[in-house]
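**Q** Structure incoming, see below.
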Amino acid sequence: MNEQQHTKPDAVTSPSGVGGKRIAIFGSTGSIGTQALDVIAANPSFFSVEILTAHNNDELLVQQALKFNPNIVVIGDERKYSKVKEGLASTDIKVFTGEKSLEEVAAMDCYDLMLAAIVGYAGLRPTLKAIDSGKAIALANKETLVVAGDIIMQRAVEKRVPVIPVDSEHSAIFQCLIGETRNRIEKIILTASGGPFLGRKPNYLVNVKREHALQHPNWTMGAKITIDSATLMNKGLEMIEAKWLFNLKPDQIQVVVHQQSIIHSMVQFEDGSIKAQMGLPDMKLPIQYALAFPKRIANNFPRLDFRKMNTLSFEEPDLKTFRNLALSMEALQKGGNLPAIMNAANEIAVYAFLKNRVNFLDMTDVIEKTMQKVSFIEKPSLEEYFESDGEARNFAADLIKL
Ligand code: NAD
Ligand code: MG
């Protein structure tokens, strides 16, 4: 069988024979993906790995596959197919390639839970396919909800599949809401570290270079989200992500800068009581929680010691300097296809910044102009979300002359 040409892969059963939840990691070579594999390696009786996918890091994908022995791997870049096939020649692991196979594999029977850890818009279709196939989702890919949150959550309800957040803030809120199903949320408080340029002003930011923006004070993450954290776009995307995950109105979502990243976020209830979830900043914890939910698994991650923690500080975000957050609030308020337009323009702008094609502040201008230009649709269909994404990408790329 040539899996490359094979359009409808057959369902295959677990070769590992180990019990526990069967996990598909979409985006296994990324920051979230590799940390998830660490969690799984430490808990072989809880999890088995059934699917691994990567965009173009063939070497790491092969290495991961040899270690975790999944049923299937997908290498997005078709030019890397033969390398992966060769690397796994001594195994019976099936190898697929191309964008379409991500969706086909997402629809297969061989797994229980998808960890959606692809970065950006590219994660939307496979995640939707997994939901339509009745799979539980551990969601790291926030862009999926930013683009088409109403449709994603609606489908999840129809299919009765849980969407468990991996993003640390949303994991915190999710954990605070356990046992509170009958109680109304007054508001949620999303904490933001403020990123590497907290306190800086535009005259400084205009000269910021790629390497500097890639240094985050508290978290080590993929390049795109690291830049999003430096511009505060990440917090904006998270506000929209929270709206859909927890069915909130825009004015129920507040952002507060909390530099130490110890309180991962909070929920305030109608009686004024506030619950917070805390811990050292370590993505393995929300990843493990989402994979194991509703169980908590013992681990030896470093513990927070309050006796050594003498300051927890809070301040308002500077919306005048970090205008991406203000634009996100506008997109959150107006809704429709505006968040999808903003997200697409942001992906193009971040990509251009990472290639040293635009400066730090230009990113915001590109996003703002694109949001003004692409036609607003109040209640888009899925197709219209896709079209808005494409239109916004083209417009933003033209602005930058990519
Ligand atoms: P990353 O860049 O480190 O990894 C991205 C993964 O997606 C890689 O495996 C890559 O091969 C794959 N990928 C990239 N482009 C693709 C494409 N076009 N098609 C298919 N696969 C593709 O990113 P990351 O930091 O792990 O982030 C993943 C997602 O999780 C993002 O949506 C991010 O916002 C979210 N997230 C990450 C963190 C973190 O700590 N890294 C925290 C919260 C949320
Ligand atoms: Mg986050």
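**Q** Select the strands (runs of 3 or more DSSP E) contained entirely in region 30-116, then report the ones holding at least 2 residues which are of a type in the set (Asp, Glu).
**A** Values: elements: 47-54, 72-75, 94-97, 113-116.
Output list is empty.
**Q** Give me the residue from region 305-320 that is assigned to a loop (DSSP other than H, G, I, E, B) and touching a Gly at 6+ places or on another chain (Cβ under 9 Å) and, out of that set, farthest from residue 206 (Cα to Cα). Before the answer, list the steps.
**A** Initial filter on region 305-320 (assigned to a loop (DSSP other than H, G, I, E, B)): 305, 309-314, 316-320.
Retained after the next criterion (residues that are touching a Gly at 6+ places or on another chain (Cβ under 9 Å)): 317-318.
Details: 317: 19, 318: 16 Å.
Ranking the candidates gives 317 first.
**Q** Taking into account only those residues within region 123-170 that are within 14 Å of ligand 2 (Cβ to nearest atom), assigned to a helix (DSSP H, G or I) and among the acidic types (Asp, Glu), which is farthest from residue 98 (Cα to Cα)?
**A** The extreme case among them is 169.
**Q** Run residue 175 past the list (1) within 25 Å of residue 281 (Cα to Cα); (2) in contact with a helix residue (DSSP H, G or I) (Cβ under 6 Å, 6 or more places away or on another chain); (3) surrounded by fewer than 24 Cβ atoms within 10 Å (Cβ to Cβ) and report the number of the one that doesn't hold.
**A** Of (1) within 25 Å of residue 281 (Cα to Cα); (2) in contact with a helix residue (DSSP H, G or I) (Cβ under 6 Å, 6 or more places away or on another chain); (3) surrounded by fewer than 24 Cβ atoms within 10 Å (Cβ to Cβ), only one is false for residue 175: (2).
**Q** Limited to region 180-208, what total is found for residues that are surrounded by fewer than 16 Cβ atoms within 10 Å (Cβ to Cβ) and at positive phi?
**A** The number of residues fulfilling the criteria is 1.
**Q** Now for a separate question. Tell me whether region 173-186 contains one or more residues that are assigned to a strand (DSSP E or B), at pLDDT 95 or above and either within 13 Å of ligand 2 (Cβ to nearest atom) or more than 19 Å from the chain's Cα centre (by Cα) (or both).
**A** As a first pass, look at region 173-186 and keep what is assigned to a strand (DSSP E or B): 185-186.
Remaining after also requiring at pLDDT 95 or above: 185-186.
Next, only the ones that are either within 13 Å of ligand 2 (Cβ to nearest atom) or more than 19 Å from the chain's Cα centre (by Cα) (or both) stay: 185-186.
Yes, there is a match, as at least one residue in region 173-186 is assigned to a strand (DSSP E or B), at pLDDT 95 or above and either within 13 Å of ligand 2 (Cβ to nearest atom) or more than 19 Å from the chain's Cα centre (by Cα) (or both).
**Q** Let me ask something else about it. Give just the number: which of (1) over 30 Å from residue 43 (Cα atoms); (2) within 14 Å of ligand 2 (Cβ to nearest atom) does residue 207 not satisfy?
**A** Against the list (1) over 30 Å from residue 43 (Cα atoms); (2) within 14 Å of ligand 2 (Cβ to nearest atom), residue 207 comes up short only on (2).
**Q** Taking the stated definitions as given, is residue 319 without any contact (Cβ under 8 Å) to a residue 24 or more places away in the chain and surrounded by fewer than 22 Cβ atoms within 10 Å (Cβ to Cβ)? Lay out the reasoning, then the answer.
**A** On the way: without any contact (Cβ under 8 Å) to a residue 24 or more places away in the chain: yes; surrounded by fewer than 22 Cβ atoms within 10 Å (Cβ to Cβ): yes.
Yes.
**Q** Residue 179 passes all but one of (1) touching a residue at least 60 places away in the same chain (Cβ under 8 Å); (2) more than 16 Å from ligand 1 (Cβ to nearest atom); (3) not β-branched (Val, Ile, Thr); which number fails?
**A** (1)
The values are calculated or read from the model by the stated rules, or taken from the named source; none is laboratory data. Predicted model, so just to flag it, every value in this text is computed and none were measured. Cβ atoms come from the backbone with ideal geometry, glycine included; neighbour counts cover every protein chain shown.
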